[in-house]
Amino acid sequence: MGEGSFVSLVGPSGSGKSSLLRAVIGLQQPLSGTVETDLARSQVGILFQDDALLPWKTARDNVALGLTFNGMERRTALAEADAWLERLDLAGFGDRFPRRLSGGQRKRVALAQVLAMKPRLLLMDEPFASLDAIVRARVVKDVVALVERESISVLLVTHDLEEALSLSDEVYLLSQGPRARITEHYPVPIPRPRDPVHSRTHPAFAPLYERLWADLSREVDHRAEAA
Amino acid sequence: MRRLDPRYAWLRQLAAFVVVLAVWEAAGRAHMLNPLYAPSPSRVGAALVDLFSDGRIWPHLEATFSAALGGLALGIVVGIVLGVVAALVPFIAELLEPVMTVLNAIPRVILAPLFVIWLGIGLASKVALAFILVAVLIFFTVFTGIRQVDRRLIERVVTLGGDRWALVRHVYLPSVASWVLGNLKIAVGFAFTGACVGEFVAATEGLGYLLSFAQSTFNAALMFALILLILAVVLVIFGLAGRLEKHLLRWN
């Protein structure tokens, strides 16, 4: 993966997309093979589908948490947390507990928590699946703007082919598991900076979508016949 | 049907209570109730005033409070420690769980006479009874709680670079605290049950001791007065526990 590139992994359920992300960040051991990276552990951030904020900590304390783990003084970490909350449109919500935030706001806090660590690589596992359409479009737009600005590399796992194509520079298709492997590779020639909604109207989008959809369907059918 | 305004529920409840008291009082004065079994509210009130006016209630209250709060504190501390250790060390869990399960299944107040033999009729046997009631409750709260800590929270802290100590401090301790606080009212009730039953069995002072004295002298008015007093005491402690819970669990 090149620096600052946005890569998506798509594939049928059970192809091990999530396992791959968990292996990259060290939550689980790969069954075989190795994860090669020139990044330190603290330079890799991960965002899950259900953003597990600590319920007993305010939004600000949640964002500051990772910073204090990496040796930042608490006071500085809190100031930094406030700055990140502001950047994610959450100014004034720092004192709220997660329970008193909406789903979209919680997602933004989780994002602030991860981005505050200044990761060089951001892993995302279906991060927007739990949000409703409008909120999702807004959060996605902000994420794209932030990772483009900070040139953070992103590895996104998703079921949503449109999302994969509209956000990524490259999409990889994983075959049906077990023993899933990468079967196809699709470079996406839509220029940056991107607007995730408008990139869907780019002339390259529709043909790519057709191809990706056909390949994914074949992958699923193929396995269904073998079974 | 007309809907009742929920804001005035307390007023209706209070009114109903006053009516019951009035009927009871009237029935007593009309000699329809035997004062030996059901003394009228005014006699109970008089007995209550009596207890406080000559000041002889204070040492009894002090004894019961000491036993209950002492047992409560000890029970919470020991319950948490055993629960945490059992949840983290499988070998300890193997040994402790059956014992605790048996202790949980039996009515633990049956241990009261045993504690009197072991510890005498003083404060210690009451503290022990309150302690055993509370400790078993807290043990299971913490033991099952730790095994159900949200894995996502653990992964979140780990992926943000937190070490083992960070996990204890930011995930396990707050979780344990929230479960214990959630059960604090039940624990307070258990502690007072232990103290009063212990005093009832064998003691020289305490509200339970006064109750058994009222029983042996067939003093129904005193008994009612004591029941009311214990009720009031527990309600006050419940209120305090509720406020503490509300403050510390304000994130919930």
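The values are calculated or read from the model by the stated rules, or taken from the named source; none is laboratory data. For clarity, every value in this text was computed on a predicted model and none was experimentally measured. Positions of Cβ are backbone-derived with ideal geometry, glycine not excepted, and every protein chain shown enters the neighbour counts.
Quick one: in the stretch B:139-169, which of the residues that are part of a loop (DSSP other than H, G, I, E, B) and among the aliphatic types (A, V, I, L, M) is farthest from the other protein chains (Cβ to nearest Cβ)? Among them, the one singled out is B:Val149.
Does B:Ala124 qualify as being more than 14 Å from every other protein chain (Cβ to nearest Cβ) and part of a loop (DSSP other than H, G, I, E, B)?
Answer is no for this residue.
Only residues that are free of Cβ contacts under 8 Å to residues at least 60 places away in the same chain and part of a helix (DSSP H, G or I) were counted across the stretch B:201-225, and they come to 7.
Only residues that are of a type in the set (A, V, I, L, M) and at pLDDT 90 or above: list them for the stretch A:53-76, please.
Across the stretch A:53-76, the qualifying residues are A:Leu53, A:Leu54, A:Ala59, A:Val63, A:Ala64, A:Leu65, A:Leu67.
The set of residues from the stretch A:1-52 being assigned to a loop (DSSP other than H, G, I, E, B), more than 14 Å from chain B (Cβ to nearest Cβ) and at pLDDT 75 or above comprises A:Ser5, A:Gly11, A:Pro12. In the condition set (1) at pLDDT 90 or above; (2) β-branched (Val, Ile, Thr); (3) assigned to a strand (DSSP E or B), A:Thr183 is compliant with all but (1). Counting the residues of the stretch B:207-236 that are closer than 14 Å to B:Pro39 by Cα and buried (at least 17 other Cβ atoms within 10 Å of the Cβ) gives 9. Are any of the residues in the stretch B:158-174 in contact with a strand residue (DSSP E or B) (Cβ under 9 Å, 6 or more places away or on another chain) and either surrounded by fewer than 21 Cβ atoms within 10 Å (Cβ to Cβ) or without any contact (Cβ under 8 Å) to a residue 24 or more places away in the chain (or both)? Within the stretch B:158-174, one or more residues are in contact with a strand residue (DSSP E or B) (Cβ under 9 Å, 6 or more places away or on another chain) and either surrounded by fewer than 21 Cβ atoms within 10 Å (Cβ to Cβ) or without any contact (Cβ under 8 Å) to a residue 24 or more places away in the chain (or both). Considering B:Ala177, B:Ala195, B:Ala241, B:Ala221, the condition of being within 30 Å of A:Thr58 (Cβ to Cβ) and touching a Lys or Arg at 6+ places or on another chain (Cβ under 9 Å) is satisfied by B:Ala241 alone. Scanning the stretch B:170-224 for residues that are among the aliphatic types (A, V, I, L, M) and within 14 Å of chain A (Cβ to nearest Cβ) turns up B:Val171, B:Leu173, B:Val176, B:Ala177, B:Val180, B:Leu181. Surrounded by 11 or more Cβ atoms within 10 Å (Cβ to Cβ) and under 33 Å from the mean Cα position of the chain (by Cα): does that describe B:Ala16? Answer is no for this residue. Regarding the stretch B:237-250, can at least one residue be identified that is part of a loop (DSSP other than H, G, I, E, B), surrounded by fewer than 18 Cβ atoms within 10 Å (Cβ to Cβ) and within 14 Å of chain A (Cβ to nearest Cβ)? For the stretch B:237-250, residues part of a loop (DSSP other than H, G, I, E, B), surrounded by fewer than 18 Cβ atoms within 10 Å (Cβ to Cβ) and within 14 Å of chain A (Cβ to nearest Cβ): present. Go through the residues of the stretch A:165-173 one by one and say whether even a single one is surrounded by fewer than 20 Cβ atoms within 10 Å (Cβ to Cβ), out of contact with any strand residue (DSSP E or B) (no Cβ under 6 Å at 6 or more places or on another chain) and assigned by TED's automatic domain parsing to the domain that holds A:Ala137. No.
Yes/no matrix, rows are residues, columns are (1) away from chain B (no Cβ under 11 Å); (2) touching an Asp or Glu at 6+ places or on another chain (Cβ under 9 Å); (3) surrounded by fewer than 18 Cβ atoms within 10 Å (Cβ to Cβ); (4) small (Gly, Ala, Ser):
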| position | (1), (2), (3), (4) |
| --- | --- |
| A:Trp56 | no, no, no, no |
| A:Asp61 | no, no, no, no |
| A:Gly66 | no, no, no, yes |
| A:Phe69 | no, yes, no, no |
| A:Ala83 | yes, no, yes, yes |
| A:Ala91 | yes, yes, yes, yes |
| A:Arg99 | no, no, yes, no |
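The listed residues are B:Ala112, B:Ala86, B:Ala130, and the only one of them that is farther than 20 Å from B:Gly189 by Cβ, among the hydrophobic types (A, V, I, L, M, F, W, C) and crowded, with 20+ Cβ neighbours inside 10 Å turns out to be B:Ala86. Could you count how many residues in the stretch B:38-81 are more than 13 Å from B:Phe224 (Cβ to Cβ) and acidic (Asp, Glu)? Number of matching residues: 2. Residues in the stretch B:133-156 that are within 30 Å of A:Val63 (Cβ to Cβ) and surrounded by 22 or more Cβ atoms within 10 Å (Cβ to Cβ): B:Val142, B:Arg156.
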